[in-house]
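For reference, the structure is listed below as structure tokens.
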Amino acid sequence: MSEPFKILIDRLKGGHTLKIEELLDPSFLGPNEPELCFHTKVPIKGEAYLTDDHLVLHLKTATKVSMPCAVCNKMIDVELKADNFYHTEPLEEIRGAVFDFTEALREALLIELPKTVECNRGKCPERTIIAPFLRSQERTEKTTYLPFADMDDLNN
């Protein structure tokens, strides 16, 4: 590919397949923020081809993102993967016979971001400090009020 993220539609006509193998700078994933930092190159591998009226993009990619632990706020690396990512684009919507898949790839990776992460594989050492302030499952179950729970008794 001459330019990363660009697919020239004319080169795919006649049943040709474009093999994609790139190592991309992570800057396309968005601005680095204090609590969300992309610092690892993004390898992508896959192919692009045409059907009767669509461009089909099939990619495999992975990268790492640094996020704060939900308990202690220590920054930890989390792997993001899009192992079997497919994107289709109607040919009639591709202007100038050049398709830029930057946004599609960005969305595929960002949708994999976890809401929260915890260091030490889910066993943050500081969890014991905040444990008294967390709700236990048992306490939640006992204090939940279900206003219609007794409706079955009225029907019998």
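The values are calculated or read from the model by the stated rules, or taken from the named source; none is laboratory data. Because the structure is predicted, anything quoted here is derived from the model rather than measured. Here the Cβ positions follow ideal geometry from the backbone for every residue, glycine too, while neighbour counts run over all protein chains shown. These accessible areas exclude ligands, DNA and RNA; they are computed on the full protein's heavy atoms, side chains included. Shrake-Rupley method; radii C 1.70, N 1.55, O 1.52, S 1.80 Å.
In terms of solvent-accessible area of protein heavy atoms at a 1.4 angstrom probe, what is the ranking of 64, 123, highest value first? Could the numbers behind the result be given before it?
Values: 64 90, 123 155 Å².
I get 123, 64, largest accessible area first.
Work out how much length residue 86 to residue 45 would gain on full extension: take 0.36 nm times their residue separation and subtract the Cα-Cα distance, in nm to one decimal. Walk me through the numbers on the way to the answer.
Numbers: separation 41, 0.36 × 41 = 14.76 nm, distance 1.21 nm.
Stretched out fully, the residue 86 to residue 45 stretch lengthens by 13.6 nm.
From the protein chains alone at 1.4 Å, what is the descending order of accessible area for 145, 86, 49, largest first? Provide the component values of the computation, followed by the final result.
Working: 145 175, 86 120, 49 65 Å².
Ranked list, largest accessible area first: 145, 86, 49.
With a 1.4 Å probe and all protein chains kept in place, how do 67, 151 rank by accessible area, largest first? Walk me through the numbers before you get to the answer.
Details: 67 20, 151 90 Å².
The most accessible residue leads, giving 151, 67.
Charges only on Cβ, +1 for Lys and Arg, -1 for Asp and Glu: so what's the dipole of the chain about the Cα centre, in debye to the nearest 20? Can you show the working numbers first?
Values: 19 positive and 27 negative charges, 156 e Å.
Using Cβ point charges on Lys, Arg, Asp and Glu, the chain gives about 760 debye.
Residue by residue through the stretch 52-66, what is 3J(HN,Hα) from phi via Karplus (6.51 cos²θ - 1.76 cosθ + 1.60, θ = phi - 60°)? Round to whole Hz and write x for glycine and proline.
Rounded to whole hertz, the list is 4, 9, 9, 8, 10, 10, 10, 10, 10, 8, 7, 7, 10, 10, 9.
I'd like to know which of 130, 7, 26 lies farthest towards the positive end of the charge dipole of the chain, counting +1 on Cβ of Lys and Arg and -1 on Cβ of Asp and Glu.
Of the options given, the answer is 130.
Carbon and sulfur together cover what percent of the accessible area of the chain at a 1.4 Å probe radius? Walk me through the numbers on the way to the answer.
Details: 5530 of 11020 Å².
Ligands and nucleic acids excluded, carbon and sulfur give 50 percent.
Roughly how compact is the chain, stated as its Cα Rg over 2.2 N^0.38 Å to two decimals? Each step should come with its number before you reach the end.
Details: Rg = 23.4 Å, N = 156, 2.2 N^0.38 = 15.0 Å.
Rg over 2.2 N^0.38 Å, computed on Cα atoms: 1.56.
Residue by residue, what Karplus-based ³J(HN,Hα) values in Hz, rounded to whole numbers, does the stretch 77-83 have, using 6.51, -1.76 and 1.60 with θ = phi - 60° and x for Gly and Pro?
8, 10, 7, 10, 10, 10, 6
Say the cut-off is 32 Å between C-alpha atoms; which of 60/115; 13/81; 6/123; 45/115 go over it?
Numbers: 60/115 22 Å; 13/81 30 Å; 6/123 43 Å; 45/115 27 Å.
The pairs that break the limit, which is 32 Å between Cα atoms, are 6/123.
Which FRET efficiency value, to the nearest 0.05, is calculated for residue 98 and residue 27 with the Förster distance at 30 angstrom and r the Cβ-Cβ distance?
Working: r = 21 Å, r/R0 = 0.69.
The calculated FRET efficiency here is 0.90.
Tell me which GluC sites (Glu not before Pro) from the stretch 5-89 have a DSSP coil assignment and no more than 16 other beta carbons within 10 Å of their own.
Here the GluC sites (Glu not before Pro) that fit, given the DSSP loop and packing criteria, are 35.
What FRET efficiency would be calculated for the residue pair residue 58, residue 120, taking the C-beta separation as r and a Förster radius of 30 Å, to the nearest 0.05? Provide the component values of the computation, followed by the final result.
On the way: r = 36 Å, r/R0 = 1.20.
Efficiency at R0 = 30 Å is approximately 0.25.
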